[in-house]
Amino acid sequence: MPSIPGSEAYSSDKEKSMAELFKVENLKTQFHTEGGVVKAVDGISYHIDEREIIGLVGESGCGKSVSQLSVMQLISTPGEIVGGEVIFEGQDLLKYKTHGPEMRSVRGAKIAMIFQEPMTSLNPVLTINQQLTEMLELHLGMSKKVARERAIELLGMVGIPSAHNRIDDYPHQFSGGMRQRVMIAMALSCSPKILIADEPTTALDVTTQAQLLELMKDMVERFKASLVIVTHNLGVVARYAQRIYIMYAGRIVEEGTTKDIFGKPRHPYTIGLLKCIPRLDEEEGRKLVPIKGLPPNLINMPPTCAFLPRCSYKIKKCSREPWPPLKNLHDQHYVSCYANTQERDK
Amino acid sequence: MVKKHTSDIGFSEAPVCVSEWRRFRRVFFERKLVTFGLVVLVLMVIAAAFAPLLAPYDPYDLGDAGESLLQPGGEHLLGTDLLGRDTLSRLIYGARTALMVGFISVFISGFIGVPLGIIAGYFGGVINMVIMRAMDALMCFPMLLLALLLAAVLREYDVISGIWVVIIALSIAIIPGYARVTHGVTLSIKENEYIMAQRAMGSSNMRVMFRHILPNAFPPLIVLVTMQLGALILAEAGLSFLGIGIDPPGAAWGAMVWDGYRYLANNPALWLAPGIAIALVVFAFNMVGDGLRDALDPRLRGLL
């Protein structure tokens, strides 16, 4: 029997090799609608190191989910990936055919994805066993019996009590949190290198959210995988992510370590996001400040910075020059802004 | 089925779910006419299956002289036809023909129409256009007329004979029904997140279509099959009334009505018996179809 990753004892070594595992370069995805071309993802670049947890944060419609679906080549018409590279294990995934066998052997087996809505992410007419073993048989070529054993083991790992009894149940017999646990088990069943969690806890209540995030963190450590947490909730990533990318209107506007983003945010949008969430470590009585205005319509975007209409730090240069490129501040901290927000706040 | 995980102290781990099957039965048998329809169908299937045992006479036996056109009653419960054959026996054997045509046609057309519908709905675009416009074109013709035409062509070129002409003709005529229904439900099912999740797990299009979409499309298809069985039996009767279909001396209800039609007034049992049989069976299929539709309706889920 082949050795199955994740089965061995919990490895406690915290040392992480910082080898780069996955790199996205200048990815562009557009939707061709009747109203015009929607540049949902407009040239984003990011990378994931081995066994790293990164956060991808932005409000609804900023292109964070679309960017992740593009990486998996799961964009369907009218959407189209118009440019960029997705380098994984030395190969450009975008060169693979969308439905070709190479891409299929990456999906699920090398890069797995968990979706937002646990209530609808499982097929209602198939049992948990049928859905879990399908992946194992497909990608790892296990026999039905071995796959079932492994599925039970996986369910146990994600904290489903009496997994051997529950495995033949149907999804409707599980609660939302339990279903998300099943989804995690399913996503990790083929021990992928990267787990993409697309708003994994948005549809769940707060207590379950915390449990699931903790579980996800434990599981990716156990499986030695990297985790991408896509969310609109900075609080979710604060605790788990090592690095954070902030997205706005299809672009990355700021990236940095979690410490940088929370301690020294530099982009006006990041500052705005942090101002509108309450924090435990601040003086009492601070008013929460929402960001003025609405996110821009992604059709016919002006060439200038998309955040300009909502920005309270804008300078003259902002309305003259095109969207500022990401500039390096120090180490891994990058920001795309002309204004020196740090100075203004002093 | 729901498994209950009950420990010794009677504490159940999982919330006790109302069994889908129990809810289904409850809604299904609520209406008396649906139950009646089911009983009629069960009786018909039994009659067809055990025809040689149940029929009092050989349906092809011409009988002795003077036994033709007997009125109902006496030795021949429903009388005899012009050739002296027992009407009741022919009626029982006719059930065989009707069911055979119905079920085989439904199977053949489902086998072709359902994949066509799933493929069209799943891929969309040009594939969808080609398949669905072809189905629309087929649908333009009234079913009976199309079947008649196909039957005539099949006969003319001697491809197949007898009852198979009717089966093939009707199968082709009802393919659009399956394609359309499957196409429609596929369009809505494929938008579900679990389909996206399946693709994200590396399932091929074939696997997504036939393992994940198809089972979800079953409820409306089951209803369609039941409703179409009624329509098919009616169409088969229509075709054999028009003289296309089973070769003599085989027994078919439509042909029996045609035979009896010449004795409209003096021997009504001849056409009334098969006529009533057709009406009853079509009615029964429609009722059962209605009942299934209500019982499988997801909007009624959770209702006890």
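The values are calculated or read from the model by the stated rules, or taken from the named source; none is laboratory data. In this text, all values refer to a predicted model and were calculated from it rather than measured experimentally. All Cβ positions, glycine included, derive from the backbone under ideal geometry; neighbour counts span all protein chains shown.
Residue by residue, here is whether (1) in contact with a helix residue (DSSP H, G or I) (Cβ under 7 Å, 6 or more places away or on another chain); (2) of a type in the set (A, V, I, L, M, F, W, C); (3) more than 14 Å from every other protein chain (Cβ to nearest Cβ) holds:
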{"residue": "B:M196", "(1), (2), (3)": "no, yes, no"}
{"residue": "B:R199", "(1), (2), (3)": "yes, no, no"}
{"residue": "B:F210", "(1), (2), (3)": "no, yes, no"}
{"residue": "B:I213", "(1), (2), (3)": "yes, yes, no"}
{"residue": "B:A235", "(1), (2), (3)": "yes, yes, yes"}
{"residue": "B:G238", "(1), (2), (3)": "yes, no, yes"}
{"residue": "B:F241", "(1), (2), (3)": "yes, yes, yes"}
{"residue": "B:I246", "(1), (2), (3)": "yes, yes, yes"}
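Screening A:V125 against (1) within 25 Å of A:A163 (Cα to Cα); (2) more than 10 Å from chain B (Cβ to nearest Cβ); (3) among the β-branched types (V, I, T) leaves a single unmet condition, (2). Being part of a loop (DSSP other than H, G, I, E, B), of a type in the set (F, W, Y) and at pLDDT 75 or above, is that true of even one residue in the range B:12-26? Within the range B:12-26, none of the residues are part of a loop (DSSP other than H, G, I, E, B), of a type in the set (F, W, Y) and at pLDDT 75 or above. Residues that are in a helix (DSSP H, G or I) and facing chain B (nearest Cβ under 10 Å) are absent from the range A:141-161.
For the range A:274-293, the set of residues classified as in contact (Cβ under 8 Å) with a residue 12 or more places away in the chain and part of a loop (DSSP other than H, G, I, E, B) consists of A:C276, A:I277, A:L288, A:V289, A:P290, A:I291, A:K292, A:G293, listed by residue number. Among the residues of the range B:281-294, at least one is farther than 21 Å from B:L232 by Cα and under 24 Å from the mean Cα position of the chain (by Cα).
Taking the conditions exactly as written (farther than 25 Å from B:K190 by Cβ and in contact with a helix residue (DSSP H, G or I) (Cβ under 9 Å, 6 or more places away or on another chain)), does B:L148 satisfy them or not? The answer is yes for B:L148. Criterion applied to A:M119, A:M135, A:M103 was being in a loop (DSSP other than H, G, I, E, B), at the interface with chain B (Cβ under 9 Å from one of its Cβ atoms) and either crowded, with 19+ Cβ neighbours inside 10 Å or out of contact with any strand residue (DSSP E or B) (no Cβ under 7 Å at 6 or more places or on another chain) (or both), and the one residue passing it is A:M119. Restricted to the range B:46-68, and to residues there that are more than 23 Å from B:D247 (Cβ to Cβ) and out of contact with any helix residue (DSSP H, G or I) (no Cβ under 7 Å at 6 or more places or on another chain), the residue that is modelled with the lowest pLDDT is B:A65. Checked against (1) among the small types (G, A, S); (2) at pLDDT 90 or above; (3) part of a loop (DSSP other than H, G, I, E, B), A:G6 passes all but a single condition, namely (2). Here A:A187, A:A197 are screened, and the one residue that is at pLDDT 90 or above, in a helix (DSSP H, G or I), in contact with a strand residue (DSSP E or B) (Cβ under 6 Å, 6 or more places away or on another chain) and within 12 Å of another protein chain (Cβ to nearest Cβ) is A:A187.
Summed over the range A:123-132, residues that are under 18 Å from A:C190 (Cα atoms) and part of a loop (DSSP other than H, G, I, E, B) total 0.
Each residue in the range B:186-223 was checked for being buried (at least 20 other Cβ atoms within 10 Å of the Cβ) and free of Cβ contacts under 8 Å to residues at least 60 places away in the same chain, and 13 pass. Before we move on, is B:Y93 of a type in the set (S, T, Y), in a helix (DSSP H, G or I), in contact (Cβ under 8 Å) with a residue 24 or more places away in the chain and in contact with a Lys or Arg (Cβ under 7 Å, 6 or more places away or on another chain)? No; evaluated as a whole, the condition is false for this residue. The single residue among A:Q68, A:Q73, A:Q91 that is free of Cβ contacts under 8 Å to residues at least 60 places away in the same chain and within 11 Å of chain B (Cβ to nearest Cβ) turns out to be A:Q73.
Residues in the range A:239-269 that are touching a strand residue (DSSP E or B) at 6+ places or on another chain (Cβ under 7 Å) and of a type in the set (D, E, K, R): A:R243, A:R251, A:E254, A:E255, A:D260, A:R266.
To keep it simple, each residue is scored yes or no on (1) in contact with a Leu (Cβ under 8 Å, 6 or more places away or on another chain); (2) modelled with pLDDT under 90.
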{"position": "A:K224", "(1), (2)": "no, no"}
{"position": "A:A238", "(1), (2)": "no, yes"}
{"position": "A:E255", "(1), (2)": "yes, no"}
{"position": "A:H267", "(1), (2)": "no, no"}
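The residues in the range A:107-116 that are more than 7 Å from every other protein chain (Cβ to nearest Cβ) and at pLDDT below 90 can be counted, and the count is 1. If I ask for residues that are touching a residue at least 60 places away in the same chain (Cβ under 8 Å), more than 26 Å from B:I119 (Cα to Cα) and in a helix (DSSP H, G or I), which ones from the range B:129-176 would you list? Result: B:L144, B:L148, B:A151, B:A152, B:R155, B:I163, B:V165, B:V166. Among the residues of the range A:283-294, are any small (G, A, S) and farther than 22 Å from A:P324 by Cβ? Yes, the range A:283-294 has at least one match.
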